[in-house]
Amino acid sequence: MARMPLLDDLPETLLDLAVPHEDINELTALAARFTADRELGELLERSARLLVHDLGAVGMRPELPPLPEGLGADMERWFPVYVAVAALPYTRAYHRERGIPEDIARRTLADLGRHIALHHRRRGRGGLVVPGWLRLHFRGELYQLGRLQFQRSRLGERTSLAMREAGLRAQPGDPCLQLHIPDYRGPLTPEACADSIGRARTFFARHFPEEPYRVASCHSWLLDEQLRDHLPESSNIVRFQGLFHIAHRGDEPADGEPVGFVFGDPELPVARLPQHTGLQRAVTRHLLDGGHWYVGHGWFEL
């Protein structure tokens, strides 16, 4: 079912997925192991089969088989990429079935390369920091629409309660679009956000008409309202927060979230964080003063 492309085609496939050029040769050379090692090839096929099982269903989180010991560090860090490549024909077929425009499909799946770049930034070499995140893309649940990403999702208990308190009819499990803010996509300007939200309204009504999306939600450190104490009202982050009704704040500190996204590594010592930009100073000084950052949970009507 989920066979690897011919080795001659693999470099082109990886380039289509925006995999950094410096990783293409290593991935191509390492892929020869799947034909030389029958058990490894079967593991790849089984993993890809699980990834695309019930393709398009919302909320499925397939657990892939554990990797056997002794594969080696290089194969372990690259194996999730090979699974994505093996699943690619089925993802593309699903996109065609849904009528997803080619440019949207391509930019959505190119997020694989962006996450490899994030791994380079954090660890100095290729791989995937959070390999499970890409399952959303290759299972047809998440789409890149301009500056923002939108995930077909369901409302949770606390967000739906906040919506009912605001006078809306909402129940846990109702459809919603979960909004994500990828790095390396340019400024988070109000104009770019408005453009993405407008695209999302049209896109999901056209390609998923059986799923009525009336609200969008977001769960991010960017919605921590403490940021308003450190950034000017004119900042893109503060204006982004203005799109949302804040439903609640996370119960536990999430200091690693802004440190990871702003500085590239959530485990960097706070005392050594640079303070060159307004956002860097905001994140760092709040932590140095003994404060904590939290994930904010917000929503707005589409």
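Table: residues versus (1) touching a residue at least 12 places away in the same chain (Cβ under 8 Å); (2) out of contact with any Gly (no Cβ under 9 Å at 6 or more places or on another chain).
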residue: A18; (1), (2): yes, no
residue: A36; (1), (2): no, yes
residue: G56; (1), (2): yes, no
residue: M75; (1), (2): yes, yes
residue: W78; (1), (2): yes, no
residue: A84; (1), (2): yes, yes
residue: R96; (1), (2): no, yes
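In this structure, does P187 turn out to be of a type outside the set (A, V, I, L, M, F, W, C) and either closer than 24 Å to A57 by Cβ or part of a helix (DSSP H, G or I) (or both)? It is false that P187 is of a type outside the set (A, V, I, L, M, F, W, C) and either closer than 24 Å to A57 by Cβ or part of a helix (DSSP H, G or I) (or both). Of all residues in segment 219-243, none that is at positive phi has its Cβ atom under 8 Å from the Cβ atom of a residue that is charged (D, E, K, R), 6 or more apart or on another chain.
Take Q241 and decide whether it is touching a helix residue (DSSP H, G or I) at 6+ places or on another chain (Cβ under 8 Å) and at pLDDT 95 or above. So Q241 fits the description; yes.
Restricting segment 85-110 to residues that are surrounded by 16 or more Cβ atoms within 10 Å (Cβ to Cβ) and of a type in the set (K, R), the residue that is nearest to A57 (Cα to Cα) is R92.
A count restricted to segment 163-176 and to residues that are surrounded by fewer than 21 Cβ atoms within 10 Å (Cβ to Cβ) and assigned to a helix (DSSP H, G or I) stands at 2. Restricting attention to segment 16-50, which residues are of a type in the set (S, T, N, Q) and either under 23 Å from A105 (Cβ atoms) or within 21 Å of the chain's Cα centre (by Cα) (or both)? Listed by number, the list holds a single entry, S47. Scanning segment 288-301 for residues that are of a type outside the set (F, W, Y) and surrounded by fewer than 17 Cβ atoms within 10 Å (Cβ to Cβ) gives L288, D289, G290, G291, H292, E301. Just name the residue that is farthest from V52 (Cα to Cα) out of those in segment 110-151 that are part of a loop (DSSP other than H, G, I, E, B) and in contact with a Pro (Cβ under 7 Å, 6 or more places away or on another chain). Filtering first and then ranking leaves G126.
Checked against the criterion of being surrounded by 19 or more Cβ atoms within 10 Å (Cβ to Cβ), polar (S, T, N, Q), touching a residue at least 24 places away in the same chain (Cβ under 8 Å) and under 17 Å from E141 (Cα atoms), segment 38-51 has no qualifying residue. Out of the residues in segment 233-261 meeting the condition of being closer than 24 Å to R164 by Cα and in contact with a Pro (Cβ under 9 Å, 6 or more places away or on another chain), tell me which one is surrounded by the fewest Cβ atoms within 10 Å (Cβ to Cβ). Checking each candidate, the answer is G242.
A quick yes/no check of all residues on (1) more than 18 Å from Y90 (Cα to Cα); (2) of a type in the set (A, V, I, L, M); (3) at pLDDT below 95:
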| site | (1), (2), (3) |
| --- | --- |
| D8 | yes, no, yes |
| D16 | no, no, no |
| P20 | yes, no, no |
| D23 | yes, no, no |
| E26 | yes, no, no |
| T35 | yes, no, yes |
| L40 | yes, yes, yes |
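Among all positions in segment 12-24, there is at least one residue which is closer than 30 Å to E210 by Cα, assigned by TED's automatic domain parsing to the domain that holds L128 and not acidic (D, E).
Of the helices (runs of 4 or more DSSP H) contained entirely in segment 2-90, those carrying at least 1 residues that are among the acidic types (D, E) fall at 10-16, 21-30, 38-52. For segment 153-162, a tally of residues being assigned to a loop (DSSP other than H, G, I, E, B) and either within 19 Å of Q241 (Cβ to Cβ) or not assigned by TED's automatic domain parsing to the domain that holds D265 (or both) returns 0. The set of residues from segment 82-113 being more than 23 Å from L148 (Cα to Cα) and among the β-branched types (V, I, T) comprises V83, V85. Contact map, segment 286-299: first residue hydroxyl-bearing (S, T, Y), second residue assigned to a loop (DSSP other than H, G, I, E, B), Cβ cut-off under 8 Å, separation 6 or more or different chains; pairs are Y294/D224; Y294/G250; Y294/E252; Y294/P253; Y294/A254.
The values are calculated or read from the model by the stated rules, or taken from the named source; none is laboratory data. Everything numeric in this text was worked out from a predicted model, so none of it was measured. Backbone-built Cβ (ideal geometry, glycine too); neighbour counts: all protein chains shown.
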